[in-house]
Every structure is written in structure tokens, then in C-alpha cells.
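As C-alpha cells, the structure follows; a few thoughts come after it.
The values are calculated or read from the model by the stated rules, or taken from the named source; none is laboratory data. What you see is a predicted model, and the numbers here were worked out from it, not measured in a lab. All Cβ positions, even for glycine, are placed from backbone atoms using ideal geometry, and neighbour counts span all protein chains on display.
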Amino acid sequence: MPIKSTKKYSVTPRDIQKNFNGKQLTYVSWDHHLLFSAPFILCLSPETQFSELVDEGILPTLQADPDLDKINWHEVTWLKANKPWVPDFSKSLADNGLVHKDQIRFHTPNLNTLCGTK
Amino acid sequence: MDMKVKQKKLNKKEKYTVQTRDLGWEPTYQSKDKIFPYVEYEGIKIHDWDKWEDPFRLSMDSYWKYQAEKERKYYAILDSFAQTNGHLNLTSARYLSAIKIFQQAITPGEYAAHKGFARAGREFPGAGTQVACQMQSIDEIRHAQTQVHGVSNYNKYYNGFHDFTQQRDRIWYTSLARSFFDDATSAGPFEFMIAIGFSFEYVLTNLLFVPFMSGAAYNGDIASVTFGFSAQSDEARHMTLGLECIKFMLEQDPDNLPIVQGWIDKWFWRGIRLLSLVGSMMDYMLPKKVMSWKEAWQIYGVENGGALFNDLARYGIRPPKGWEDADKAMDHVSHQLMLGLHQWNFGTSFHTDVPTEEEMDWLSAKYPDTFDKYYRPRWNFMKEQAEKGKPFKNMGLPKLCQVCQSPGLYTEPDDPTMLCHRETVFENEKYQFCSDHCMDIFNNEPEKYVQAYLPMNQLFQAPLYGDLNAWMDWVSLRDGVDNGDYELSEDKKNFDKWRNDVKSNSVD
Amino acid sequence: MQIDVHTISIEPARKAYDHMVRRFGDKPASRYQEASYDLQATENLHYKPTWDPEQELYDTSITKVVMEDWHDLKDPRQYYYSPYVLNRSREQEAVTSTFKFVESRGLIESLPDEVHELAAKILLPLRHAAWGANQHNTFICGYGYSVTFTQPCIYQAMDNLGIAQYLTNIGLMLGGTDLLDEAKQSWLDDSAWQPLRRYVEDCLVVRDPFELFIAQNVALDGLLYPLVYKYIVDDYMAKKGGSTISMLTQFMPTWFDETSKWVNAVVKVAAKESEHNHDVINAWLEQWVSRATAAILLIVEMAIGDKTDEVINDHVNALKNRLEKLGFNS
Amino acid sequence: MSTVFIALQANEETRPIIEAIQIDNPKAIVNIEPAMVKIDAENFLIIKRETIEEQIGREYDLEELQINLISLSGNVNEDEDTLTLSWNN
């Protein structure tokens, strides 16, 4: 539904990718792991390899979670835009089809920290 | 005619009518379209402004008289509170986190409401409606000012209060409130009335003020009790204005119903998201608790809101679309938000804590179905980490909802173990939301919400490029002083010392 | 346990809020300062107004006047809400007891017919002009920039309403609602009132807050209040045995003197800011003062007849003298 | 059935007002809370000037309620003699 206004209403979003000095935002969350309250933001170049996103973005951020070391990365399943998705760890974010402000989620079967029942 | 014929004395309603709406007239030198240029575009149809019912009928002289009396009382108490070190009668300086949030987030909102009502007080073509809005406008600036004055004394002794004007515009969590009030004041006059006059004042204000003031009373904060009560006495007029306004819109034209209902849906949800902050204040920040957020919701939300929406049903109005989800979430929101605030407390201009055992038992009694199951384990984990000397902090900066600006920390309505992820694409750009209802709000007016200023996303842009230290300077946050855990804070150290000094000096 | 907290003195950690210190240095701030500076959001405004997407939510560019810091336009009365209502409360107490006194002594009945009629004819339609003033000051408050500039405008607007209500009450005493209806009809139809009504309606479409400030608070008030309340009521009518009326309008001349101090200060500081501002304001003054003069001419004539030209000239000159002190040489 | 309520500051000025409300609304429930008295009633509550005047022994203008009023719910109708709160259901 178009906005109702007295004159043409045209604005530019305030966080479009070109404002990020060549980088882009990716939001990451770990399903069923609520010690970390909310999805967190990574600000990385689209050329970054997905494995780097995991190693240098996700792992250091989530250090405090006791489940972190127990993750079997072969069993991990992923969602992008809330749909099942298989990332290629050796490819860049861009080649994995990740766009600015995409939300990715990962699910670790059998691990469930600090959030009660499954 | 003989002017000296004695006229019958007018009753109050009649007198108020000649004192207000009779002052206006039908213009002929300029068109009404030009005089009231904003009254049509929202699509609300008003056929007869004279059908407007003035809720309270205060003439200006009565207004001055009663308001002056309130002001005299307020400042007398405030002065005496300051002169006698009243702050040392607080249950604990920990309590002040609630006041810090209030000052940083809500006080600027009072000012925004003042501006909004001044605009509405000019833009509506009905004199009766205008006067009611103008009175609310002047009341709202009163509230902003009494709050600034009330907190001023605390600022002299405690940290975190010192730069609320800068923090209003820059720090991350205040954008929940800023975006709320900016959203309302950037809307047309009718939507503004539904947003602030009806949804905020009528449906939600009791949830904000009454428990908050009781909390202040329980915790020895006489200054805030006084400003709270003093402000709330104006609020009764404002609530009535909000209710009259919605009835007026609905009675004027059946076409108004879907528009008004849409606004109720939107503003209830925006309001309830904003008030989650109050939930965390009540459940966690008051050293001496009054009632739980859920109990307050039961009384002031379910009971009163229920009665209200029953009353409005005759116009075809149904309860807000988000009502059920809000109701379900009452078992969770205050915990989820507080857990977030605590783990990000390096970035807050107030202190937080892991609740004490006693407090956790209280929470468990108040939230028997959820606290022990979902939230206690996380608090316990944080407590253990802190005891091990490795206090848990979340350095991952949170994704914020494009609409309500909360961190994405709320869970699915029916699954408290799963964060709620919602997203949409508009003009090739992705947007993220905390809930279905925030996403609906966006989808109704995407052009508006794409411009939202999300403080976290801004932090990664020029000029800060993700530099947290630079960010702290920019938001006027003094690391290690304004932020962090209360237990380790200067506020606590000082408060305990001063209290001790008092005891060692005092004569029994 | 209530502890005895009088017994210790604590060194404050800071003297004032940071934004006070940035403006006024490291010293305690007054309540006026705390209540008036920087309360309005300045950065990172979230959304463009749907009512005019070409504006910002708080926008300095909707007026031709340019200020480096709009907070420079402050109120010498140092009114924030509390002193404002306290003062008005005191004043209304005096007015209320006067009304009671006049009513209980039947003083209206003992007015000479000529004065009674004149008061009704001149004062009662002015309640609509006061309502117009209320609209304009509400507008300036709503759309003007910075708290120091705009908060006195909502006080002014409520005063305008109060004055309209006092005039209404006078009307009720003089002859009830019929008389008020008659007065409204004059306001709408009588040729003597049309220039003023046109002035007010033309102001209702001015959307430059500072221009509106000039048109209402400087030009129109600057002529109308001295002419009507000080000259016609307190002088001309009083001499004809109408001092009762002047008791009932006591609020207005006092109010005019008080608010003029503020109005002067605003105009003076804004004009001093730059040549540009001076010229913009001067152009507005020329336009609105001459229009205001024309707008009230017939009303004054209706009241005092022959001497009109002379009296108006005196008052226009007085206003020009006032403006000269503010930096405007005409 | 829906509850209407009025909440007043708990102080010396409101004590006789609360008594008057109880007299005129015998079924109303009076809740004493910190610094506040909240009076709930089913669907309808009436506050009468005359009853308050009997309690305080002087003239009373219902507008004086403003000074100590904290909050209310229900449709408000006020004239010289009464203030009522009601829900239409």
C-alpha cells in the first residue's frame, strides 16, 4: 500500500550497502541458543570467504557459549532468509548469494544451550 | 434589543461552548483548504466538527489555577528532597537505572508530544478539538520540564544521567522511544491522535505511569513519585481526549473505521514494544518490587483494555491485531529484554545486574510457567561466569528491528526457544523485523520505514566504521563509569559510603 | 527506617547536565535553562513528515530567518511552565475577584448606556481576533525551531485563549449569549470589522513561523492592545464613566506590557544576527504594520469618531519608536 | 461487565472525597496502594459534588479533583454536579 502524504514521498534508506565502505552486513543467529540474546551483526567484505565468516566472525563472537566447542560443523544445517540453504565454505559471501542485510541462521542438532526445552 | 435584560445563567457545558468553539468562525477571505492543509490526506472524513464532545471543560483561568497548585506542590517537594539529601533514602542506587532509562527515553518523548499536540492544535478545523490539543501540548512540555528538574538533583550525585540530550539522539536503546515519537509526529494529525492520544495515553499510559510510580514510592524516590503523580493528573484529561477523539472519528463516517482500526493495530503494537522497557524496569530494576510486569498487564492491559474494546465494539472496532501475541509474550518479554540489556551493558548509560537469588525466587513466583524453565538457567550461567571472574558480555552487536528498533531478541509467539526472524525485500533492499506485527507495519508504509535510523547499522558506517571506543565518546558514555554492572559501579560505591557516613553520624 | 540525612554534606560529582555545561560552562544551571535548552531532538530524525515530506520533522528552513543557534532567541521573563502558570494563576485570581465584585455590586447595570454599548461593540468581536492570535501562536510553537523560541509561544497561545475567554465573560455580563452572537455577526459581516478579519485569515495561511510572529505578536498586537485596552478602554471609555469595563479588562494591558518584553527580545536578537535577517524582518514589518494599521482603522473610528487619525498616528509612531529601539529605522 | 476506575493520590485532601465516593457507590471496591487509592466499580461510578461538600463542609468544585487525580478509565461525563465514569456494555 503506498504511503499517504501531501506530496511525493521519496527517501533513501539510511543503511544501503554503499555506505559501508565496500562491506556488507550479515546477521547471524544460532537457533535454540539464546544465551546470546539476539542475532548479531557482521560487517564484512562480500569477497570474504564463507569459512572466514565462520572462523573469524561467528566463532570469536560466540566464545562464551559452552556448546561452541561441541559443534560438529558437518552436521550443521543452515537457513538463509528463513529457508534451507547450503553454504559453500570455500566461496565468498557474494558467490554464496549473500546480499547486504541478509539473515543467516545455523542449527546444531542435539545441542541446546540454556534455553530450557527444545 | 435591551442589553441589560438579565440572561439566564449558563450551565458549565454551555459556558464552555461559548468560551471555546464559539470563538471560531467560517473563514471567507481564505479557503479552509489552505488554512487546514493537512486535514484531508489521511482519508478521514469529518462532516461536522461541532459534534465533537469536549471531555473536560477547563477554562484557562481554572487551568492556571489548578495547574499552579500542582506546580507549587511539586517544586516544594523537589526542593526539600534536594536540600535533605533525599536520594539517600532510596532503597538502593541500583533503583536509579529505571530513572536513567526513563529520562533518556521517555522525557524526550514528552517534548515530542508537546510539539505534536501544538501542531494538531492548529491543524484540526474544529475549535473544540484544537483547544483540547493545545492544553495537552502545554501539559506535555510541563512533563518534560518537571522530569528534567526532578532528575537534575540525581545527576549531581550519580552517573549515567549527565548527557541525556546527546543520548536521546545517538545511543542505541533510546531509538525505541525516539522512533516511536518520530513516527507519530511525522504522521498526519488524525493518526497522531490515535497514536499518542488514544493508543499511548488511553491504552498504555496506565501501564507506564502507575506501576512506575508505585515502584518509585516503594523505593523511596519521592521526587519521581511526585512528578509522576503530578503528571498523571494531567494524563486523566489526556486519556479522555484520546477516547473522545476516537469516538468522534468513528461516529463521523463509516469509511473511517478501517483506517482507524489499522492505526489502532499499528500503534498498540509499537506501544507495547516500547513499554517492554518498562517491563524490564519493573521486574528487574526495582530493588523493592511492586508488582510484576505481567500483573500490571493483567490489571491495566487486559482488564481495562478489555473493557475499552468492548465499549468500542459498537462502532465495529475489534481489539488490536497484536493483542493476543502481546498477551502471550507477557510471560517472556521483560526477561528477554533484560537479559539483552545486561549482556550489552557495556553500551548502556545505566547499570544492570544479575538478579539476586531472592529476586529470582520472586520472579519464579510471578512467572511460574516460564522463569525457572527458560530464564533462570541463563541468569545462573551469567552469575557463575561472573563468579569465575569471566563476566559474560555479548560483544556481538545486535540486529535491530526496522520498525520498533528493538534488538531482535523476542521469540516466536509459540516457541520461547526460537528467536522470531522476519524479513522482507522492498525495492531490492532487505529489511529485518522482530515480529509479524512490525513487519505488517512496514509493509503498510514501506516508504516511511526504509529511512529508519538504526543505530547499530549506523555504527558500522562513516564516521565510526565499527569503532566501539569512538562510539562511546560519540554517545557520551564514559566507559567503566556510566555503564556496566551495578555491583562494580561507582554509583554503588558512593551510595554505600554516603549511607554509611549518615549512619555513623546519626543520632539514634 | 528513615535515616537522618541532614547530618552529612556530600560533594556533588557534577554541577549540571553536560548540555548545560557545554553551553554555559561548568556551573549550576538555572531551572529555566534546564527546562529550555536542547530538549528538542536535533540529530538522526527518523522519518520525513507525511504532512510535508519536503520538510524535516524539526526544520529550520521553513522560515526565511536564519539563525546559527535558534536557542539564542530566549525569553527575558525566563518562563518555563512553572513560573508561567504561577504568574497567570495570581493574575487570574485578581481578575476573578474583580468579576465577582462587579457582578455582586451590579456595576454593569450602572454603566452609562453609551459605554455599555460601546464596550459590547468594540470588545466582543475581539474575542475572535484573540482566537486568531491563539491559532498563530500555536502554529509558531508547533513548527518553530528550538525550545527557547517556541515554548513562550504555547504560553502566548494559551494567554490568547484566556483573553478570548475573558472577553467572552465580559460579553456574558454585558448581555449574555445573544450579545455574543451579535458580536460574532459583526465580526463576520460588519464592514468595520472586515479588514481585521481579513488580516487574521490571511495570517492563517502564512506558514513561515517567524513571519507569523511578526504579523501577530509585533504588528497587530503592537497596535491593537495599546489602542483598544490602554486608549479606548482605560482612557476614553473610563472618562465616560466606564471604569468598570477597565477593571474587567485589567489583564490585557498588563499582559501586553509583560509579553512585549519577550517579543522585543526575540525580534531584536533575530535582527541582530545578520543583515539578511534584519532585511527579511524589516520587509515583514513594513508590510504587516501598514496592513495592521489599516485593519484597525475602522474599529477605532467606530469607537472614537473624529480623533481617529490623530490617535492612530500616535500609536503607529509609538510602535515605530519601539521598533527603532530594536534596530529598525523606518 | 467491565470495570471503570478512578485513582486518586492518597492524602488528606482526598480522604473525604474517597468517603463521598464510597457513599455514592456502595458496591465500589477501594484498593489502597502505595501513595494511591484506586476505586474500581462495575460499569459505572458516580462522583457527586453535593456528597463531597457534605464531607468537607465547604463549597467544592468538581474541577478540584484535577489536583489529586491520578488516572481513570471509562467514558467521562462531567457537569457542575456530577462526574460519571461508564462503559457502554
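Select from region D:34-50 the residues that are surrounded by fewer than 16 Cβ atoms within 10 Å (Cβ to Cβ) and under 16 Å from D:ILE70 (Cβ atoms) and list them in ascending order.
The answer is D:PRO34, and nothing else.
Would you check which residues across region D:76-87 are touching a strand residue (DSSP E or B) at 6+ places or on another chain (Cβ under 7 Å) and either outside any strand (DSSP E or B) or within 7 Å of chain B (Cβ to nearest Cβ) (or both) and list them? Walk me through how you get there before you give the answer.
Here is the first cut: in region D:76-87, the residues touching a strand residue (DSSP E or B) at 6+ places or on another chain (Cβ under 7 Å) are D:76-77, D:81-87.
Across region D:76-87, the qualifying residues are D:VAL76, D:ASP81, D:TRP87.
Having 3 or more residues that are within 29 Å of the chain's Cα centre (by Cα) and farther than 24 Å from A:THR12 by Cβ is the bar; report the strands (runs of 3 or more DSSP E) wholly within region B:397-508 that clear it. Reasoning before the result, please.
Details: elements: B:415-419, B:422-426, B:429-433.
The qualifying strands (runs of 3 or more DSSP E) are B:415-419.
Looking at (1) among the charged types (D, E, K, R); (2) more than 30 Å from C:ASN169 (Cα to Cα); (3) more than 9 Å from chain B (Cβ to nearest Cβ); (4) touching a helix residue (DSSP H, G or I) at 6+ places or on another chain (Cβ under 8 Å), which is the one condition that is false for C:GLU54?
With (1) among the charged types (D, E, K, R); (2) more than 30 Å from C:ASN169 (Cα to Cα); (3) more than 9 Å from chain B (Cβ to nearest Cβ); (4) touching a helix residue (DSSP H, G or I) at 6+ places or on another chain (Cβ under 8 Å) applied to C:GLU54, the lone miss is (4).
Would you kindly identify the helices (runs of 4 or more DSSP H) lying entirely within region B:59-160 that contain at least 2 residues that are closer than 28 Å to C:HIS136 by Cα, facing chain C (nearest Cβ under 9 Å) and not hydrophobic (A, V, I, L, M, F, W, C)? Walk me through it before giving the result.
Values: elements: B:60-83, B:96-101, B:107-123, B:127-157.
Correct list: B:60-83, B:107-123, B:127-157.
Test A:ASN110 against the stated conditions and say whether it is of a type in the set (S, T, N, Q), outside any strand (DSSP E or B), in contact with a helix residue (DSSP H, G or I) (Cβ under 9 Å, 6 or more places away or on another chain) and within 21 Å of B:GLN461 (Cβ to Cβ). Please lay out each step first, then the result.
Details: of a type in the set (S, T, N, Q): yes; outside any strand (DSSP E or B): yes; in contact with a helix residue (DSSP H, G or I) (Cβ under 9 Å, 6 or more places away or on another chain): yes; within 21 Å of B:GLN461 (Cβ to Cβ): no.
Criteria not met by A:ASN110.
Kindly provide the set of residues from region A:21-63 that are touching a helix residue (DSSP H, G or I) at 6+ places or on another chain (Cβ under 8 Å), of a type in the set (S, T, N, Q) and not in a loop (DSSP other than H, G, I, E, B), ordered by number.
Residues satisfying the conditions are A:GLN24, A:THR26.
Filter region A:64-88 down to residues that are loosely packed, with under 14 Cβ neighbours inside 10 Å and part of a loop (DSSP other than H, G, I, E, B) and give me whichever is modelled with the lowest pLDDT.
Filtering region A:64-88 for residues that are loosely packed, with under 14 Cβ neighbours inside 10 Å and part of a loop (DSSP other than H, G, I, E, B), the one modelled with the lowest pLDDT comes out as A:PRO66.
Tell me whether region B:186-203 contains one or more residues that are more than 18 Å from B:HIS143 (Cβ to Cβ), over 18 Å from the mean Cα position of the chain (by Cα) and in a helix (DSSP H, G or I).
yes
In region C:102-149, which residues are part of a helix (DSSP H, G or I) and free of Cβ contacts under 8 Å to residues at least 12 places away in the same chain?
Keep residues of region C:102-149 that are part of a helix (DSSP H, G or I), which gives C:102-104, C:113-123, C:126-143, C:147-149.
C:SER104, C:ASP113, C:GLU117, C:GLY142 - these are the residues of region C:102-149 that are part of a helix (DSSP H, G or I) and free of Cβ contacts under 8 Å to residues at least 12 places away in the same chain.
Could you tell me whether any residue of region B:363-372 is out of contact with any helix residue (DSSP H, G or I) (no Cβ under 9 Å at 6 or more places or on another chain) and either touching a residue at least 12 places away in the same chain (Cβ under 8 Å) or closer than 23 Å to B:LYS100 by Cα (or both)? Lay out the reasoning, then the answer.
Step one: of region B:363-372, the residues out of contact with any helix residue (DSSP H, G or I) (no Cβ under 9 Å at 6 or more places or on another chain) are B:368-369.
Applying the additional criterion that residues be either touching a residue at least 12 places away in the same chain (Cβ under 8 Å) or closer than 23 Å to B:LYS100 by Cα (or both) yields B:369.
Yes: one or more hits.
Out of region D:55-69, which residues are under 11 Å from the mean Cα position of the chain (by Cα) and touching a residue at least 24 places away in the same chain (Cβ under 8 Å)?
Within region D:55-69, D:LEU65, D:ASN68, D:LEU69 qualify.
Can you find a residue in region B:386-393 that is assigned to a helix (DSSP H, G or I) and more than 14 Å from A:ALA81 (Cβ to Cβ)? So that I can check it myself, show each step before the final result.
Narrowing region B:386-393 to residues assigned to a helix (DSSP H, G or I): B:386-387.
Filter again for more than 14 Å from A:ALA81 (Cβ to Cβ), leaving B:386-387.
Scanning region B:386-393, I find at least one residue that is assigned to a helix (DSSP H, G or I) and more than 14 Å from A:ALA81 (Cβ to Cβ), so the answer is yes.
In region D:1-62, which strands (runs of 3 or more DSSP E) lie fully inside it and hold 1 or more residues that are over 20 Å from B:PHE56 (Cβ atoms)? Give the derivation first.
Working: elements: D:3-9, D:29-33, D:36-42, D:44-48.
By residue number, D:3-9, D:29-33, D:36-42.
Identify, by number, the condition in (1) under 28 Å from B:ARG270 (Cβ atoms); (2) surrounded by fewer than 18 Cβ atoms within 10 Å (Cβ to Cβ) that B:LYS393 doesn't meet.
Evaluating B:LYS393 over (1) under 28 Å from B:ARG270 (Cβ atoms); (2) surrounded by fewer than 18 Cβ atoms within 10 Å (Cβ to Cβ) leaves (1) as the failure.
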